[in-house]
Number of protein chains: 2
Amino acid sequence: MNMGEASRYLTNFVDELAQSGMEHVVISPGSRSTPLALTFTEHPTIQEWVHFDERSSAFFALGMAKSKQKPVALVCTSGTAAANYYPAIVEAYYSRVPLIVLTADRPHELRDNGAPQAIDQIKMYGDYVKYFHEMAIPEADPSLITYARRQAARAYSQAEATQPGAVQLNFPFRDPLIPDFTLENIWGNATGKYVTGITGHEQLHPSQTETLIGQLKDLSKGVIVCGELPGDTDVEAIHQLAEHWNVPIFADVLSHVRHGNNGNAKVISSYDAILKDEEVALSLEPDFILRFGAMPVSKPYLKWIQAVPLKHHIVVDQASGYREPSSLETTMVYSEPNELVQQMLKSSVQLTGDPAWLDTWAKMDEIAMKEICGAVEGEQLTEGKVAYELTEAANTGDVIFVGNSMPIRDMDTFSLAKKEKIQIHGNRGANGIDGLISTATGFAATGNSVTLFLGDLSFLHDYTALFIARKYELNLRVVVVNNNGGGIFSFLPQNTEADHFETLFGTPFNPPIKTLAEAVGYRYHQPKTSEEFQQLVRQAISGMEIIEVVTDRDENKQHHRALWQRITESIQKEG
Amino acid sequence: MNMGEASRYLTNFVDELAQSGMEHVVISPGSRSTPLALTFTEHPTIQEWVHFDERSSAFFALGMAKSKQKPVALVCTSGTAAANYYPAIVEAYYSRVPLIVLTADRPHELRDNGAPQAIDQIKMYGDYVKYFHEMAIPEADPSLITYARRQAARAYSQAEATQPGAVQLNFPFRDPLIPDFTLENIWGNATGKYVTGITGHEQLHPSQTETLIGQLKDLSKGVIVCGELPGDTDVEAIHQLAEHWNVPIFADVLSHVRHGNNGNAKVISSYDAILKDEEVALSLEPDFILRFGAMPVSKPYLKWIQAVPLKHHIVVDQASGYREPSSLETTMVYSEPNELVQQMLKSSVQLTGDPAWLDTWAKMDEIAMKEICGAVEGEQLTEGKVAYELTEAANTGDVIFVGNSMPIRDMDTFSLAKKEKIQIHGNRGANGIDGLISTATGFAATGNSVTLFLGDLSFLHDYTALFIARKYELNLRVVVVNNNGGGIFSFLPQNTEADHFETLFGTPFNPPIKTLAEAVGYRYHQPKTSEEFQQLVRQAISGMEIIEVVTDRDENKQHHRALWQRITESIQKEG
């Protein structure tokens, strides 16, 4: 027995997702989810990916959605399967990535009564989804077919609108669970979308923009700051604005402004290193900051803006966004950034940046970059060298996916501006060390050349995600910095807790990276010198490969501290 | 700088947990959680366990809490770390296991503003926790010290009362994060608990019990059914009740009634096998069922009670429990089971069970057991043989932790009654295939001799939990039945979907069990015959060991089907 005509409810639902633009679905095995799993798999244009771990599947979908900048679907069975999606859904919420979470459920009469593998899935992700809807039991009635199409289109457009995020549709299914794909015209009205959503964006009225710029017009020491930007940001226009106003751009490593700028002297990449010294930082007094995108990775930047007198602090975000942890007096501008930049470029008010201010930054940036280049010379393969060399080796279009904790900080410091437009990504919504291999594999699954750069604890946390790359024979290069534990804690006050430091913070798990790599069929390398590492990462990525770089936590701390000191000294001497 | 006098807030909190009975805490590394992590570690009586993966840590705590039948604490840092606890919290809710989830958080002024690794943790587990409280920022004021003690005692008593489950306390922490343990009398009033909770249980008035039994007094064909029972259930009293009433006991494999009963002929272990045949099942018409504990694993049992005329269906549960998926007319008795059984034993109403009814069951049970024993003879190492032999090899007190999907079903069939009181456990709240290695390792961590029996997909899902056993040098035997995928689907209607069966349901991931085992330092065996397997599992567990049993999904289905048929035929012939 199969679902008969009721199958059309699901085929129309899935087809409407496809018509809306859905290309990928990530399915985890299960019984109750059979109707959705089979319908997606039968659909002629949607590609299915199957992975056993729902936590990993959700991060994998997140990676694909980030890469494609459009919604990816997830399908799981009832029970704790759905709870495993939670970490990636939280990350999607904060990093604004569209996901369509389709949870299969028992029908109402089999819920909340001790039936096996049935849990309460209604609103189980709380406020972390943008939209929740409990679907009707599949039926063939025309009103239900159109309802299924409406909900598919609506879920898709909700997921991607304004501040993208996850949506959850919960599907109750009764037996029988097998759809009938032999029905005529099974994909329904497949000539186009049934519901079309056209979503506008917040834009300031030009007069609002004039007023805003008017407040800045007598200020000569401004900074444009770019954190992680939405994928469709017109980076060229931001460069033009910096030219137009004669101000520096602080380019966070995830901003896509740092790389590919053809040597724009206004881009300052090493502000993190420059601002590490308090005395240097306090000597630099900006009049205003105009920030696009998320708060930058750099902690010295945060401390700096909190310490100096600032006349205007302006943060541009989408509607209801609030990414402003400095607690400064702030003007929150709710506008789509591209339109705002165009209005600013067209404004009748012309800001005149102080050439000396710009020059100071350019000079310090040059000094810092020289010191950073100096620090990565020689044969010793340090953590900083890894970040530096990965950037050097990457070409336009290549993706470097960066883990949290130390790797992203090292990348912010050591990834120097270059003309090739490389893509650097990370999971900076909630900054977790979970799901990083899965997310990077999601980027690889959409056809990118991907290098993942992460620490040994993050590697262990998501190790089994490597089975996805193996199963689908994806190309993925994983660079694991193995300092046997939580390297970042060596830089924090916890480091003084000699008694419990290794137990609670150092946490050495002695990960057998080589064996773990080979168990899943990855090529393994452990370069000992800078040159060996350089040779490895300058080769094109082909197949699955793990490069382990063994470092020492204490030594790493000394390297970093020594570099900060040299930069400060050089700035004080030459700057 | 350290927290100074405010440290007392946490030391008193942790000490009150200890005074309440807390013995174990599972900590995942992080910075924001430093005050809790250090205070637990400093506390003289609480033992800390540190693991890198919060999902796994929560299941590990769940295993310890199940084993000790008392609350275990969890500590994690802010961010997606806390979201990783969700699957185990859901399982704790449905399987009624007490956990105290302590999530560290940024202070209020650093929330919801784009600060790194800060997510909204308020009520983030929804209705899956019994109690949520947002704690105050630590302060040394006496009123806050007593508040900290009160909340500790309350969380502990809430977690373990009536229907145990998880509670969440969310702790906002400001810098500095290091407590000062040099303060005098740091653990406060450590001579005893500050708040003592004494929780009663629902009990029927004896007259209610009389009325209940009165309804059964003319009925001669009753069955006492025992699903998974609360750990403190007086199993002997249930045996006495069956004697007293002269009725059979259906003993689910997780009931702790099947094993250790010294040959009580009233215990029917093979009702699942007996009831598999519809004709046989329909010929057996019970008058009443009195069930203690959760719904049994057996699906044929569910179908049977739904198909036969039943005069009374009585389900005993704690207050507000509702584990009754049959949708039969049911009397839900809300009472602590032990007290109810005592009242029934003392009742003036004497039920007189039909000896023929009891005899029929005993005879069928004998036949089925004979066939099951026959099926596991010979040298071929089948999945059923694994379940059978693990039971045979276990001694009183030994723990067999059984995975979901096929292993628990095989265990229900092939684990025959024996006089040694072995403990069989599983995660049957939500029946997930996640967290099984972690949960079993939790049992091992509390000093049990543990054999974990699970499938290859479950093994992969939770593989990195093996690092816990390695780190703490626990004794753990892992028996992986590797049929390269989801064996259970071969028994479901999905099996007819030839086109997509392997892609969506079979899902072979070719797990390299040997390499994965050896990577984490486990001894590895792959027995080819029953005898080799028997020799391995009859040795005492010492150290870490993985036994891989390779089977074939189709062949396994044939084995099972043939056995059901033989049992049915023998019952029809001899019964």
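Taking max minus min of the alpha-carbon positions on each principal axis, the range A:4-172 gives extents of 38, 35, 26 Å, largest first. Label-to-label distances for A:E532 across copies, nearest first, come out at 3.8 nm, using points 7 Å from Cα in the beta-carbon direction. With the charge dipole of chain B set up from +1 on Lys and Arg Cβ and -1 on Asp and Glu Cβ about the Cα centre, the Cα lying farthest toward the positive end among the listed residues B:F173, B:N475, B:I119 is that of B:F173.
Evaluating 6.51 cos²θ - 1.76 cosθ + 1.60 at θ = phi - 60° for every residue in the range A:335-345, the Karplus couplings come out as 7, 4, x, 4, 5, 4, 4, 4, 5, 5, 5 Hz, glycine and proline recorded as x. Taking every Cα-Cα distance in the range B:415-551 and sorting them into 5 Å bins starting at zero, the pair-distance distribution P(r) comes out as 2, 9, 18, 21, 20, 15, 9, 4, 2, 0 percent. Annotation: amide H-H contacts under 5 Å for B:R523 (H modelled 1.01 Å from N, sequence separation of 5 or more, or interchain): B:M544, B:E545, B:I546.
Give me the accessible area buried between chains A and B, both sides summed, with a 1.4 Å probe, in Å² rounded to the nearest 100.
Numbers: alone 22680 and 22680 Å², together 39020 Å².
Buried surface at the A/B interface: approximately 6300 Å².
Mean residue ellipticity, 222 nm, helices only, chain A: the sum of -39500 (n - 2.57) across DSSP H runs of n ≥ 4, divided by residue count and rounded to 500, is -11500 deg cm²/dmol.
Starting from the label point of B:H205 at 7 Å along Cα→Cβ, the same points in the other copies fall at 7.3 nm, in ascending order.
Surface analysis of the range B:378-573 yields an accessible area of 33 Å² per residue, using protein heavy atoms and a 1.4 Å probe.
Each 5 Å bin, from zero up to the one with the longest distance, holds this percent of the alpha carbon pairs of the range A:1-47: 5, 21, 32, 24, 13, 4, 0. Sites counted here are GluC sites (Glu not before Pro) in a DSSP loop (not H, G, I, E or B) having no more than 12 other Cβ atoms within 10 Å; the longest part of chain A that contains none of them is A:1-183.
Would you kindly calculate the translational diffusion coefficient of the range B:127-247, applying Stokes-Einstein with the Kirkwood radius from alpha carbon pairs, for 25 °C and a viscosity of 0.890 mPa s, and quote it in µm² s⁻¹ without decimals?
Values: Rh = 19.5 Å.
Taking Rh from Cα pairs, D becomes 126 µm²/s.
Here the Karplus curve 6.51 cos²θ - 1.76 cosθ + 1.60, taken at θ = phi - 60°, turns the phi angles of the range B:230-244 into couplings of x, x, 8, 5, 7, 5, 4, 5, 5, 4, 4, 4, 5, 4, 4 Hz, with x standing for Gly and Pro. Chain A comes nearest to the axis taking it onto chain B at the Cβ of one residue; that residue and its distance, in whole Å, are A:Y86, 2.
Over all pairs of distinct alpha carbons, what does the Kirkwood formula give as the hydrodynamic radius of the range B:1-88, in Å? Each step should come with its number before you reach the end.
On the way: mean 1/r = 0.0751 Å⁻¹.
Computed over the range B:1-88, the radius equals 13.3 Å.
For A:V550, the amide hydrogen comes within under 5 Å of the amide hydrogens of A:N482, counting only partners 5 or more places away or on other chains and with H modelled in the peptide plane.
Overall size of chain B from C-alpha positions, given as principal axis extents largest first: 83, 62, 43 Å. Listed values for the range A:532-541 are Karplus-derived 3J(HN,Hα) couplings in whole Hz (6.51 cos²θ - 1.76 cosθ + 1.60, θ = phi - 60°), namely 4, 4, 4, 4, 5, 7, 7, 7, 4, 7, and x replaces Gly and Pro.
Taking each pair of different alpha-carbon atoms in the range B:357-408 once, compute 1/r for the pair, average those values, and report the inverse of that mean as the Kirkwood hydrodynamic radius in Å to one decimal.
Values: mean 1/r = 0.0775 Å⁻¹.
After inverting the pairwise mean of 1/r, the radius is 12.9 Å.
Could you tell me which of A:L340, A:T211, A:G227 has its Cα farthest along the dipole of the range A:206-365 towards the positive end, charges placed at Cβ (Lys, Arg +1; Asp, Glu -1), taken about the Cα centre? Positive-end residue among those listed: A:G227.
Where the only charges are on Cβ atoms (+1 Lys, Arg; -1 Asp, Glu), what is the dipole of the range B:206-365 about its Cα centre, to the nearest 20 debye? Walk me through the numbers on the way to the answer.
Numbers: 12 positive and 22 negative charges, 25 e Å.
Rounded to the nearest 20 debye, it is 120 debye.
Amide H to amide H distances under 5 Å link B:D398 with B:Q423, where only residues 5 or more positions off or on other chains count and H is placed in the peptide plane. A 1.4 Å probe run over the range A:206-365, with the rest of the protein chains in place, finds 36 Å² accessible per residue.
Under a model in which nothing but the beta-carbon of Lys, Arg (+1) and Asp, Glu (-1) is charged, chain B shows a dipole of about 480 debye around its Cα centre. The fraction of accessible area contributed by carbon and sulfur in the range B:206-365 is 48 percent, rounded to a whole number (1.4 Å probe; ligands and nucleic acids excluded). Relative to the other identical copies, A:M1 shows label-point distances of 7.0 nm, where the label point lies 7 Å from Cα along the Cβ direction and values run shortest first. Stokes-Einstein diffusion for the range B:206-365 at 10 °C, viscosity 1.306 mPa s, with a Kirkwood radius from C-alpha pairs, works out to 102 µm²/s. For the range A:85-134, the convex hull spanned by the alpha carbon atoms encloses 77 Å³ per residue.
Accessible-area loss of 50 Å² or more (1.4 Å probe, protein heavy atoms, chain alone versus all protein chains) is found in the range B:440-469 for B:L460, B:H461, B:F467.
With r defined as the distance between the Cβ atoms of B:K299 and B:Q163 and R0 fixed at 30 Å, what FRET efficiency is calculated, to the nearest 0.05? Provide the component values of the computation, followed by the final result.
Working: r = 25 Å, r/R0 = 0.84.
So, using R0 = 30 Å, E works out to roughly 0.75.
Charged side chains reduced to their Cβ positions (Lys and Arg at +1, Asp and Glu at -1) give the range A:349-478 a dipole of some 460 debye around its Cα centre.
Its Cα gyration tensor gives the protein assembly as shown an equivalent ellipsoid. The semi-axes, each the square root of 5 times an eigenvalue, are 55, 33, 28 Å from largest down. Legend: residues in the range B:312-347 shielded by at least 50 square angstrom of accessible surface upon adding the remaining protein chains to the isolated chain (1.4 Å probe, heavy atoms) are B:P325.
With the charge dipole of the range A:1-151 set up from +1 on Lys and Arg Cβ and -1 on Asp and Glu Cβ about the Cα centre, the Cα lying farthest toward the positive end among the listed residues A:M135, A:I27, A:H108 is that of A:I27. Of the residues making up the range B:477-506, those losing 20 Å² or more of accessible area when the isolated chain is joined by the remaining protein chains, with a 1.4 Å probe, are B:F489, B:Q494, B:E497, B:H500, B:T503, B:L504, B:F505.
The values are calculated or read from the model by the stated rules, or taken from the named source; none is laboratory data. Given the structure is predicted, the values throughout are model-derived calculations rather than measurements. So basically every Cβ, Gly included, is an ideal-geometry build from the backbone, and we count neighbours across all protein chains shown. Ligands, DNA and RNA are stripped out before the accessible areas are found, and what is left, the full protein with its side chains, is counted by its heavy atoms. Shrake-Rupley method; radii C 1.70, N 1.55, O 1.52, S 1.80 Å.
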